[in-house]
Amino acid sequence: MKSLPFTVVLVVSVVVVIVCAELLDFPWWLRLITVIGVVTVLEAADQAVGRARARRKAAPES
């Protein structure tokens, strides 16, 4: 089962933080929380997609 590489997740989260820092003027601690939140959301979505694929492969075809 293919999954999203962690480096892609990290790069996306850093880009989101840079955009939020420039547009919303986040302090350093809020940027850190944003990175953690984005990484968590992307990892959860990746796991959900992986489980859905595995469930679809394991289900007998009707």
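The values are calculated or read from the model by the stated rules, or taken from the named source; none is laboratory data. Note that the coordinates shown come from a computational prediction; the quantities given were computed from them, not determined experimentally. When we count neighbours, we look across all protein chains shown, and the Cβ atoms used for this are built from the backbone with ideal geometry, even at glycine. For the accessible areas, the whole protein counts, side chains as well, though only heavy atoms, and no ligand, DNA or RNA atoms are used. Shrake-Rupley method; radii C 1.70, N 1.55, O 1.52, S 1.80 Å.
Sort out which residues of segment 43-57 are open to solvent by less than 90 Å² (accessible area, probe 1.4 Å), more than 14 Å from LEU10 (Cα to Cα) and not aliphatic (A, V, I, L, M), and write them in order of number.
GLY50
Give segment 48-62 a look and list any residue that's touching a residue at least 24 places away in the same chain (Cβ under 8 Å) and under 16 Å from PHE6 (Cα atoms), or say none.
At the first step, the residues of segment 48-62 found to be touching a residue at least 24 places away in the same chain (Cβ under 8 Å) are 50, 53-54.
Listed by number, the list holds a single entry, GLY50.
Across segment 31-42, what is the number of residues that are over 10 Å from the mean Cα position of the chain (by Cα) and open to solvent by 50 Å² or more (accessible area, probe 1.4 Å)? First the steps, then the outcome.
Restricting attention to segment 31-42, the residues satisfying the condition of being over 10 Å from the mean Cα position of the chain (by Cα) are 31-34.
Now narrow it down to the ones that are open to solvent by 50 Å² or more (accessible area, probe 1.4 Å): 31-33.
Total meeting the criteria: 3.
Which residues, taken from segment 1-31, are assigned to a helix (DSSP H, G or I) and closer than 30 Å to ALA58 by Cβ? Spell out the reasoning first.
Restricting attention to segment 1-31, the residues satisfying the condition of being assigned to a helix (DSSP H, G or I) are 6-24, 28-31.
Once the filter is applied, which keeps residues that are assigned to a helix (DSSP H, G or I) and closer than 30 Å to ALA58 by Cβ, segment 1-31 yields PHE6, THR7, VAL8, VAL9, VAL12.
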